[in-house]
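The values are calculated or read from the model by the stated rules, or taken from the named source; none is laboratory data. It should be emphasised that the depicted structure is a prediction, and the values quoted were computed from it without experimental measurement. Neighbour counts are summed over all protein chains in view; Cβ atoms, including those assigned to glycine, are modelled from backbone coordinates with ideal geometry. The protein model used for the area step is the full one, side chains on, heavy atoms only, and it has no ligands, DNA or RNA in it. Shrake-Rupley method; radii C 1.70, N 1.55, O 1.52, S 1.80 Å.
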Amino acid sequence: MAIDYLKRGKPEADRAEDDAKTASVVASTLKDIEARGDAAVRELACKFDNYDRDSYRLSEAEIDAIIAKVSPREMADIQFAQVQVTKFAQAQRDSMLDIEVEPMPGVILGHKNIPVQSVGCYVPGGKFPMVASAHMSVATAKVAGVPRIVACTPPFNGEPNPAVIAAMHLGGAHEIYVLGGIQAVGAMAIGTESIAPVHLLVGPGNAFVAEAKRQLFGRVGIDLFAGPTETMVIADDTVDAELCATDLLGQAEHGYNSPAVLVTNSRTLAEDTLKEIDRILTILPTAGTARVSWEDYGEVILCDTYDEMLAVADEIASEHVQVMTDRDDWFLDNMTCYGALFLGPRTNVANGDKVIGTNHTLPTKKAGRYTGGLWVGKFLKTHSYQKVTSDEAATLIGEYGSRLCMLEGFVGHAEQCNIRVRRYGGINVPYGEGAPYRDAAE
């Protein structure tokens with residue numbers, strides 16, 4: 001491979017050191033929440049959000065009053081986005097069928113898709129009120145049929161953000177709390193005196209929220225590791241530098257540690273994109289954030305061939321992958337590790353983030369190698385069941401089961417099979433032995 005890095009980001013060792021510091025802070029904070037419950041949550045809310053109130057849960061009257069601040073145009077936009085998200089989520093749900101089959105006479109096997117019974121949805125909002133995250137988590141959980149949906153979001157400029165609260169409420173949240181950060185996901189997962197714990201945590205967040213979810217996994221389920229935003233642009237000379245630079249910086253503004261990577265086989269495009277990024281950073285209102293993110297985490301990777309571009313992209317496994325080439329569908333057919341693909345110059349990550357209908361909670365930190373993004377299926381548990389309905393089937397399956405249990409040395413297991421062979425087949429199987437071999441059982 002002839003791969004040239006025209007720009008590199010922060011070394012992996014430095015990134016790992018940052019991650020270790022974050023993990024330490026999260027571990028001690030979660031331990032405190034577990035020990036002191038509401039008191040710890042209140043201290044953290046006051047410390048990090050400078051926000052205190054008698055109850056962090058919004059009442060129905062408060063929700064109505066907050067939503068009344070949303071303009072009709074804004075409400076229409078929120079509703080439009082939710083319709084797109086719920087339409088796609090419903091189509092996904094409709095593809096997940098309960099099944100029941102009879103692979104042999106008298107043996108019934110099946111599975112049922114059962115909603116998770118309680119979900120905690122985190123909606124970021126400290127720096128930017130992430131209205132769309134409410135659609136992605138709350139509305140999708142509602143489509144799945146989750147009976148208890150809890151939603152948390154931090155205050156924005158000292159008070160609940162009306163648009164976020166409206167999106168949560170319209171999406172179907174049963175409980176809404178004005179809480180952010182570690183204290184929000186910790187309270188939802190661990191439980192406090194005032195917040196009953198949930199079974200599953202979902203939603204994106206900063207590095208501390210993502211690490212808290214990781215540490216809480218096992219106590220509760222989580223959707224995926226969704227840390228700071230990542231974006232990759234795969235481009236050739238069919239597009240220009242302005243488009244590439246805009247798409248890279250459009251995601252870099254999320255935070256100070258949001259990787260943005262250009263992978264291209266055009267040196268001209270790579271060099272022009274670097275210049276264009278410098279130009280845009282002089283006029284972008286969020287350049288204070290985007291510049292730091294680009295300087296520390298931005299990369300430009302020059303490849304010789306499309307195969308090299310594909311290999312590099314799959315190795316990085318970025319959260320968002322914007323593909324703008326003369327063979328976009330080839331990348332769709334061949335890429336295997338990513339969060340979501342955005343194909344062609346008419347498509348962009350921002351539309352995916354906010355309105356187009358696919359879910360924007362996506363895997364980061366190479367998690368795209370083993371999981372896709374949040375979707376309606378994440379709120380459903382597929383449970384199998386089995387039923388034997390005839391004496392003949394109980395005898396036949398029991399004989400095979402008995403011998404296979406003895407093959408592994410599980411005598412007690414074998415007896416579960418043997419007792420049914422004796423009762424339903426009238427076959428004498430000595431205790432502690434496998435069922436006799438019969439030609440009829442072939």
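Of all DSSP beta bridges in the chain, what percent run antiparallel (nearest 5)?
Numbers: 18 of 51 bridges.
Just about 35 percent of them are antiparallel.
For a quick check, take a GNM of the chain with Cα springs below 10 Å and name the residue from 320, 174, 254 with the largest mean-square fluctuation.
Maximum fluctuation in the GNM of the chain, among the listed residues, is at 174.
Which value in deg cm²/dmol, rounded to the nearest 500, describes the helix-derived mean residue ellipticity at 222 nm for the chain, given -39,500 (n - 2.57) per DSSP H run of n ≥ 4 and division by the residue count? Present the calculation step by step, with values, prior to reporting the outcome.
Numbers: 17 runs with 202 residues, N = 442.
About -14000 deg cm²/dmol.
In the stretch 369-392, which residues have a backbone nitrogen under 17 Å from the label point lying 7 Å from residue 199's Cα in the Cα-to-Cβ direction?
Label zone hits: 375-385.
Taking a probe of 1.4 angstrom, what is the accessible area of residue 268 in Å², to the nearest 10?
Solvent-accessible area, nearest 10 Å²: 90 Å².
Please report the accessible area of residue 275 (heavy atoms, 1.4 Å probe, ligands and nucleic acids excluded) in Å², nearest 10.
Only protein atoms counted, so the area is about 140 Å².
Can you tell me the alpha carbon radius of gyration of the stretch 143-202 divided by the globular rule-of-thumb value 2.2 N^0.38 Å? Don't skip to the end; give the middle numbers.
On the way: Rg = 11.6 Å, N = 60, 2.2 N^0.38 = 10.4 Å.
The reported ratio for this selection is 1.11.
Between helix 181-190 and the chain, what is the angle of the helix's C-alpha long axis to the longest principal axis, kept within 0 to 90° and rounded to the nearest 10?
The angle comes out at about 10 degrees.
If I fit a long axis through the Cα atoms of helix 306-316 and take the longest principal axis of the Cα atoms of the chain, what angle between them do I get, 0 to 90°, rounded to 10?
Orientation of helix 306-316: about 80 degrees from the principal axis.
When the solvent-accessible surface of protein heavy atoms is calculated with a 1.4 angstrom probe, in what order do 364, 246 fall, highest first? If you can, show how the numbers build up before the last one.
Working: 364 0, 246 70 Å².
Most to least solvent-accessible, the answer reads 246, 364.
Report the Cα centroid-to-centroid distance between the stretch 2-41 and the stretch 77-113 in angstrom, as an integer.
So the separation of the two Cα centres works out to 37 Å.
Considering only protein heavy atoms, what is the solvent-accessible area of residue 362 at a probe of 1.4 Å, reported in Å² to the nearest 10?
Spelled out: residue 362, probe radius 1.4 Å, area about 10 Å².
If the stretch 151-281 were replaced by its equivalent ellipsoid, with semi-axes equal to the square roots of 5 times the Cα gyration tensor eigenvalues, what would those be, largest first, whole Å? Before the final figure, lay out each step's value.
Details: eigenvalues 288, 56, 28 Å².
Here the semi-axes work out to 38, 17, 12 Å.
Could you order 142, 354, 366 so the one with the most accessible surface comes first? Probe is 1.4 Å.
Details: 142 120, 354 90, 366 65 Å².
I get 142, 354, 366, largest accessible area first.
Accessible area, 1.4 Å probe, largest first: how do 400, 370, 297 sort?
Details: 400 90, 370 165, 297 25 Å².
Putting 400, 370, 297 in descending order of accessible area: 370, 400, 297.
At R0 = 56 Å, how high is the FRET efficiency between residue 43 and residue 438 if r is their beta carbon distance? Nearest 0.05 is fine. Don't skip to the end; give the middle numbers.
Values: r = 71 Å, r/R0 = 1.26.
Once rounded, the FRET efficiency stands at 0.20.
Evaluate the Kirkwood expression for the hydrodynamic radius of the stretch 304-442, namely the inverse of the mean inverse distance over all pairs of different C-alpha atoms, and round to one decimal in Å.
Numbers: mean 1/r = 0.0507 Å⁻¹.
About 19.7 Å for the stretch 304-442.
Using only Cα atoms, tell me the angle between helix 287-297 and the longest principal axis of the chain; keep it within 0 to 90° and round to the nearest 10.
60 degrees
Rounded to two decimal places and with Rh computed the Kirkwood way over Cα pairs, what is Rg over Rh for the stretch 17-66? Could you put the intermediate results ahead of the total?
Working: Rg = 14.5 Å, Rh = 12.8 Å.
Here the Rg-to-Rh quotient is 1.14.
Roughly speaking, what is the stretch gain from residue 391 to residue 279, that is 0.36 nm per residue apart minus the C-alpha to C-alpha distance, in nm to one decimal? Let's see the in-between values first.
Details: separation 112, 0.36 × 112 = 40.32 nm, distance 7.89 nm.
32.4 nm is the gain from fully extending residue 391 to residue 279.
In terms of modelled amide H atoms, which long-range or inter-chain residues lie less than 5 Å from the amide H of residue 107?
Here 389 satisfy the definition.
Taking a cut-off of 23 Å between Cα atoms, list the lysines near residue 387, but don't count ones fewer than 8 places away on the same chain.
Result set, ordered by chain and number: 112.
How big is the stretch 259-344 in terms of Cα radius of gyration and Dmax, in angstroms?
For the stretch 259-344, the Cα-based Rg and Dmax read 13.6, 38 Å.
In percent, what relative contact order does the stretch 265-391 have, based on Cα pairs under 8 Å that are 6 or more apart in sequence?
Details: 126 pairs, mean separation 24.9, N = 127.
It comes to 20 percent, rounded to a whole number.
Please report the spacing between the Cα centers of the stretch 380-397 and the stretch 292-362 in Å, no decimals.
For the stretch 380-397 versus the stretch 292-362, the Cα centre distance is 45 Å.
In square nanometres, what is the average projected area of the Cα convex hull of the chain?
Details: hull surface 109.5 nm².
Averaging across all directions leaves 27.4 nm² for the Cα convex hull.
Under 30 Å between alpha carbons, and skipping anything fewer than 8 positions from residue 31 in its own chain: which lysines qualify?
Residue 31 reaches 21, 47, 127, 213, 365, 366, 378, 381.
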